[in-house]
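Visitor: One structure follows; several queries about it will come next.
The values are calculated or read from the model by the stated rules, or taken from the named source; none is laboratory data. Remember, it's a predicted structure, so these values are computed and weren't measured experimentally. Because the Cβ atoms are built from the backbone with ideal geometry, glycine has one as well, and the counts that use them run over all protein chains shown. All accessible areas refer to the heavy atoms of the entire protein, side chains included, with ligands and DNA or RNA removed. Shrake-Rupley method; radii C 1.70, N 1.55, O 1.52, S 1.80 Å.
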Amino acid sequence: MKRRKIYHVIEVCQKMIKTFPKQGHNKVTFNAMFYRNGKRLNSIDQAVIENFSPLVRSYDKSENPDKVKVEFKDVETGMLIWAKTFEWTDVDEEIPKSLAGYAGLGEAEVNELVQRKFSEMERSRELERLTSELQRVSALNEELEFQVQDMQNSLEAKKQVEYYSNIIGMALPGLAKFFTNSPVGTAFNFLAGTNEEKSIEKPLGDSSDSQRETILEMITTFVQTLDNQELGTIYLMLSEIEKDRTNIQKILQFITGSTKVETPIQTH
């Protein structure tokens, strides 16, 4: 503890010595008077400031003082530049608390600092890991959302195909009336299950893919045979169906409920 006190004296004085050239004092000497129990001991007189630290430490060791008075004078003018008396009780108050007790950190303090630094490093690594994991999960979430949307679109399309396939299957017997003795009429009868030829052995329900392809091919072939007026009429009818799909049942009921179309009487 005593060693820390004299080091504090030297530290304060050395800081002051550095200011002397800025004040215009280039040649400076110092005096150091040592006291113990109010009695003056051996002292340092008119020594150059370059030797301040080693001389003060040496006298402190030999005299074991409890008070030190330091004076700095300009050599050329003899003017007192700065003076201060250090008593060990005063020094105790001036020394920072962190410097009291030990010259360095004890084992407990060192362990605490190491543990604190280690915890900070662990938190930093955990933060980096969590950030990386968040980025990975976000990318995976975007991919899953895309897959879900794609499956929903596929499911909706499948429902639409099944819906129209059922409607077409119900309408086939009635629609066939309009295509009697034609290749299209024969295809309608086949898909409706009313084909009288015994050579047909595979019903429509055996293969949904084959059924769909056949229906689409049949509809495409039929539409291509229409003239512009008929094609325009079909387009207008499909537009109304798109607005209100209950029109499908109305058209189907009209077609299947109709009997033969009467031929208008011609007058001459």
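Visitor: Between a residue in the range 147-167 that is at pLDDT below 75 and any residue that is part of a helix (DSSP H, G or I) and charged (D, E, K, R), which pairs come within a Cβ distance under 8 Å, given they are 6 or more apart or on different chains?
Guide: Partner pairs satisfying both residue conditions: Val161/Arg212; Ser165/Arg212.
Visitor: Only one of Tyr102, Tyr7, Tyr35 is at pLDDT below 75 and not small (Gly, Ala, Ser). Can you tell me which?
Guide: Going through Tyr102, Tyr7, Tyr35 in turn, the sole match is Tyr102.
Visitor: Listed residues Val48, Val70, Val75; which is in contact with a Cys (Cβ under 7 Å, 6 or more places away or on another chain) and not aromatic (Phe, Trp, Tyr)?
Guide: That would be Val70, the only listed residue that is in contact with a Cys (Cβ under 7 Å, 6 or more places away or on another chain) and not aromatic (Phe, Trp, Tyr).
Visitor: Assuming Gln46 fulfils every condition listed in (1) loosely packed, with under 14 Cβ neighbours inside 10 Å; (2) under 60 Å from the mean Cα position of the chain (by Cα); (3) at pLDDT 90 or above apart from one, which condition is it?
Guide: The number of the failed condition is (2).
Visitor: Six or more apart or on different chains, Cβ under 7 Å: which pairs go from a residue in the range 16-36 that's over 16 Å from Ile6 (Cα atoms) and crowded, with 18+ Cβ neighbours inside 10 Å to one that's among the hydroxyl-bearing types (Ser, Thr, Tyr) and modelled with pLDDT under 95? Could you list them?
Guide: Filtered contacts from the range 16-36: no entries.
Visitor: Every residue in the range 61-85 that is over 18 Å from Val48 (Cα atoms), touching a strand residue (DSSP E or B) at 6+ places or on another chain (Cβ under 7 Å) and not charged (D, E, K, R), please.
Guide: Listed by number, the residues that qualify are Asn64, Pro65, Thr85.
Visitor: Failed condition for Ile81, given (1) modelled with pLDDT under 85; (2) over 30 Å from Thr246 (Cα atoms); (3) surrounded by 10 or more Cβ atoms within 10 Å (Cβ to Cβ), with all others met?
Guide: (1)
Visitor: Can you tell me which condition Arg40 does not meet? The list is (1) in contact with a Lys or Arg (Cβ under 7 Å, 6 or more places away or on another chain); (2) free of Cβ contacts under 8 Å to residues at least 40 places away in the same chain, and all the others hold.
Guide: Evaluating Arg40 over (1) in contact with a Lys or Arg (Cβ under 7 Å, 6 or more places away or on another chain); (2) free of Cβ contacts under 8 Å to residues at least 40 places away in the same chain leaves (1) as the failure.
Visitor: Hey, can you tell me all the residues within the range 119-154 that are open to solvent by 80 Å² or more (accessible area, probe 1.4 Å) and among the aliphatic types (A, V, I, L, M)?
Guide: Met121, Leu127, Leu130, Leu134, Leu144, Met151
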